[in-house]
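The values are calculated or read from the model by the stated rules, or taken from the named source; none is laboratory data. In this text, all values refer to a predicted model and were calculated from it rather than measured experimentally. For neighbour counting, all protein chains shown are included, and Cβ atoms are generated from backbone atoms with ideal geometry for every residue, glycine included.
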């Protein structure tokens with residue numbers, strides 16, 4: 001992830017902005033202890049479906065600040081999305097981040 005962010009910084013123009021989202025460590029996926037922990041921020045998704053065995057990277061507020069320290073952080077929002085599936089309510093937490101170079 002650090003390499004990706006370094007490349008983002010390299011290609012952005014001065015005064016350029018980027019809006020992105022990152023999965024939050026507060027979301028249920030990160031809390032699935034039976035999903036393999038690849039590193040302290042990444043779990044291998046083991047739920048059947050199109051993302052099966054796909055690594056997912058998760059952050060908390062402090063990690064967002066650390067990862068984007070070379071940018072001006074304009075906004076950081078943690079948003080909870082709710083959705084229903086099979087008559088059950090689910091939630092998903094993501095950080096929405098606006099950065100500027």
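Structure above, values below:
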quantity: Any hit, segment 78-100, residues being more than 17 Å from the chain's Cα centre (by Cα), closer than 20 Å to residue 8 by Cα, at pLDDT 95 or above and not in a helix (DSSP H, G or I); calculated: yes
quantity: Residue match in segment 22-42 (condition: within 18 Å of the chain's Cα centre (by Cα), closer than 22 Å to residue 101 by Cα and at pLDDT 95 or above); calculated: yes
quantity: Complete set of residues in segment 42-95 that are in contact (Cβ under 8 Å) with a residue 40 or more places away in the chain, under 19 Å from residue 6 (Cα atoms), in contact with a strand residue (DSSP E or B) (Cβ under 7 Å, 6 or more places away or on another chain) and loosely packed, with under 15 Cβ neighbours inside 10 Å; calculated: 74
quantity: Set 59, 4, 64: member being modelled with pLDDT of 95 or more and farther than 23 Å from residue 91 by Cβ; calculated: 4
quantity: Selection from segment 1-23 of residues that are surrounded by 12 or more Cβ atoms within 10 Å (Cβ to Cβ), out of contact with any helix residue (DSSP H, G or I) (no Cβ under 9 Å at 6 or more places or on another chain) and either in contact (Cβ under 8 Å) with a residue 40 or more places away in the chain or part of a loop (DSSP other than H, G, I, E, B) (or both); calculated: 9, 12, 16, 17, 23
quantity: Residue in segment 24-32 that is assigned to a strand (DSSP E or B) and surrounded by 11 or more Cβ atoms within 10 Å (Cβ to Cβ) present; calculated: yes
quantity: Residues of segment 61-73 that turn out to be under 17 Å from the mean Cα position of the chain (by Cα) and part of a strand (DSSP E or B), as a count; calculated: 1
